[in-house]
């Protein structure tokens, strides 16, 4: 069963109708192929027009769509010989951050991702993609590992943010995030980060202070969730749609602000309608951006990465 | 000012008819113990309650005055694009910004100065919490980058006093990018072999804590300061548990290994001066001519290739 978002209701109704007609046909009833074709065209057109003008809040919902491909799906499709590595060597293994060695287009790389999970069991195991300090410490450890062995780093970011918990604070959530950002910036190897769904604040930048930053067409990247922003500035989370608008959190906005390098178009109706195509497009874009970085030495990469971030926000107004 | 205002409680003052000459802020109520404190006593105590020891929030300028020796220099900070997103909630961000700027007479939430602390050179950056909650947007990030560059240029340690609610939402993802930007600032100072000391003041949370504020060579906090990543309310709603006593307070962080020490405001200057003196001890062995040049960590012993210099006695300590 496909999960439809609220604003997709008219599309859901059409697809329901198509399904019903098909069943009638299968049951040996009258041939309605022509009618089905007509309805299918209509549904496609509606899908196209709806997704062509998604509001920032609707994009937030698409970015959080439960069927949207998550980090593990990207790794499964794009990385050969994937060899997961675990643990922060101090306290625990945090499954909200996944990572390991593998090959991308034949080249050995280090892969990192925040993983939300796809069903109840895996969502609980991955803590819905919200990492604890151990997750960021694992990320830092793996980034340093990549640096030592000259492996390019690919990260796939999809998180609502770092986990807000008592234990997380007691074990230094803030320090763990700060150190992970530092490790990203210091890595003497090419680093391409992709915001595949939600880029939630500090929990996202901890894995995304990279040489090149990609964002999917319907992904969002923000300093705070629209709900959180609304509850502070409007004193009511119900103003989330307005907050989403004001925060300028869409891929298009971030590209215009020069905070991301490229936007990867999604299949019609969002990545969740054709995960394989969405992932393949991301793979092509990563390959394209990674290639020129491979020729640069560690010191140059690091210096340019710093310069890139230092330039952010110095100019450019929406 | 006369003996009456020194001695009498506000209500009694009206009996003496002194009301007109007496501004209404002569007496302060301690937010912790609710005792009344005479303003001069409060100033003498560096805005620490003489009754209960509560460290009250103070402004950035006051912080610089309390920390640096007389004659310090404030530096002008680079201007950043204001309101890059044209953000508007119930009010326009630009209006909030302008209001804060004119009320506090500063461009953004951080002041940077250079001078000496008990005679030892230092660059100090201080947050102003009253300026939009000390939140970090491009202006604040740039202030910290500038402070770091100044420290490197002057071969002086960098000390940052934080007081911030976190990232400045009204600058969206640009404010998020101040996290890596300020981390880069800390790297500049460290790579120059200079101490980077963070003094966490009440309150320090969110993206400020999770970037430059947790990367100090030394982490100090003022007593009772609230320091954390996530807000207490968010945590309570998420874990549906009551938060432990003293959660996210300086003493709690000290117990959990996140701080080096909790230091009273009255002892801060002396502590900073001592730390700088201890951390920069090897500097005394470096010949004066080399002082500003090397980006590599300073060594107490000359490098092997300078064998001829090895016989020379170390330069006398700087005045």
* To do: Tally the residues that are more than 21 Å from the chain's Cα centre (by Cα) and part of a helix (DSSP H, G or I), restricting the search to segment B:218-270.
  => 9
* To do: Among the candidates B:199, B:189, single out the residue that is assigned to a helix (DSSP H, G or I), closer than 25 Å to residue B:156 by Cβ and more than 11 Å from every other protein chain (Cβ to nearest Cβ).
  => B:189
* Asked: In segment B:230-254, how many residues are more than 9 Å from chain A (Cβ to nearest Cβ), more than 21 Å from residue A:130 (Cα to Cα) and free of Cβ contacts under 8 Å to residues at least 24 places away in the same chain?
  -> 2
* Structure fact -> Per the filter on segment B:202-213, residues facing chain A (nearest Cβ under 7 Å) and assigned to a loop (DSSP other than H, G, I, E, B) are B:210, B:211
* Asked: Since residue A:187 meets every condition but one in (1) at the interface with chain B (Cβ under 10 Å from one of its Cβ atoms); (2) touching a helix residue (DSSP H, G or I) at 6+ places or on another chain (Cβ under 6 Å); (3) over 30 Å from residue B:244 (Cα atoms); (4) surrounded by 24 or more Cβ atoms within 10 Å (Cβ to Cβ), which condition does it not meet?
  -> (1)
* Go over the candidates B:39, B:54 one by one and state the one that is under 20 Å from the mean Cα position of the chain (by Cα) and either in contact (Cβ under 8 Å) with a residue 24 or more places away in the chain or surrounded by 13 or more Cβ atoms within 10 Å (Cβ to Cβ) (or both). => B:54
* Asked: With respect to residue B:132, is the statement that it is under 17 Å from the mean Cα position of the chain (by Cα), free of Cβ contacts under 8 Å to residues at least 60 places away in the same chain and either within 11 Å of chain A (Cβ to nearest Cβ) or closer than 27 Å to residue B:273 by Cα (or both) true?
  -> no
* Does segment A:148-166 contain at least one residue that is assigned to a helix (DSSP H, G or I), at the interface with chain B (Cβ under 9 Å from one of its Cβ atoms) and either under 18 Å from the mean Cα position of the chain (by Cα) or under 23 Å from residue A:92 (Cβ atoms) (or both)? -> yes
* Structure fact -> Given (1) in contact with a helix residue (DSSP H, G or I) (Cβ under 9 Å, 6 or more places away or on another chain); (2) on the phi < 0 side of the Ramachandran plot; (3) touching a residue at least 24 places away in the same chain (Cβ under 8 Å), residue A:270 misses just (2)
* Structure fact -> For segment A:201-244, the count of residues that are touching a residue at least 60 places away in the same chain (Cβ under 8 Å) and either part of a loop (DSSP other than H, G, I, E, B) or within 30 Å of residue A:306 (Cβ to Cβ) (or both) equals 14
* To do: Could you tell me which of the residues B:193, B:119, B:133 is within 25 Å of residue B:235 (Cβ to Cβ), surrounded by fewer than 24 Cβ atoms within 10 Å (Cβ to Cβ) and out of contact with any helix residue (DSSP H, G or I) (no Cβ under 6 Å at 6 or more places or on another chain)?
  => B:133
* Looking at B:51, B:114, B:28, which one is in a strand (DSSP E or B) and over 27 Å from residue B:182 (Cα atoms)? -> B:28
* Among the residues of segment B:214-221, is any surrounded by 24 or more Cβ atoms within 10 Å (Cβ to Cβ) and either closer than 14 Å to residue B:134 by Cα or within 8 Å of another protein chain (Cβ to nearest Cβ) (or both)? -> yes
* **Subset of segment A:1-51 that is in contact (Cβ under 8 Å) with a residue 40 or more places away in the chain and part of a loop (DSSP other than H, G, I, E, B) - its residue that is farthest from residue A:61 (Cα to Cα)** => A:2
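Quick grid of which residues meet (1) in contact (Cβ under 8 Å) with a residue 40 or more places away in the chain; (2) touching a helix residue (DSSP H, G or I) at 6+ places or on another chain (Cβ under 6 Å); (3) not assigned by TED's automatic domain parsing to the domain that holds residue A:106:
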position	(1), (2), (3)
A:126	no, no, no
A:153	yes, yes, no
A:169	no, no, no
A:172	no, yes, no
* To do: Go through segment A:89-117 and give me each residue that's surrounded by fewer than 22 Cβ atoms within 10 Å (Cβ to Cβ) and over 18 Å from residue A:280 (Cα atoms).
  => A:89, A:90, A:91, A:92, A:93, A:95, A:100, A:101, A:108, A:117
* To do: Among the residues of segment A:245-271, write down those that are assigned to a helix (DSSP H, G or I) and at the interface with chain B (Cβ under 10 Å from one of its Cβ atoms).
  => A:245, A:246, A:247, A:253, A:254
* When you go through A:284, A:306 one by one, which is the residue that is closer than 25 Å to residue A:98 by Cα, at pLDDT 95 or above and assigned by TED's automatic domain parsing to the domain that holds residue A:183? -> A:284
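The values are calculated or read from the model by the stated rules, or taken from the named source; none is laboratory data. Bear in mind that the values here come from a model prediction, so they are computed numbers and not experimental data. As a convention, Cβ positions derive from the backbone with ideal geometry for all residues, glycine included, and neighbour counts pool all protein chains shown.
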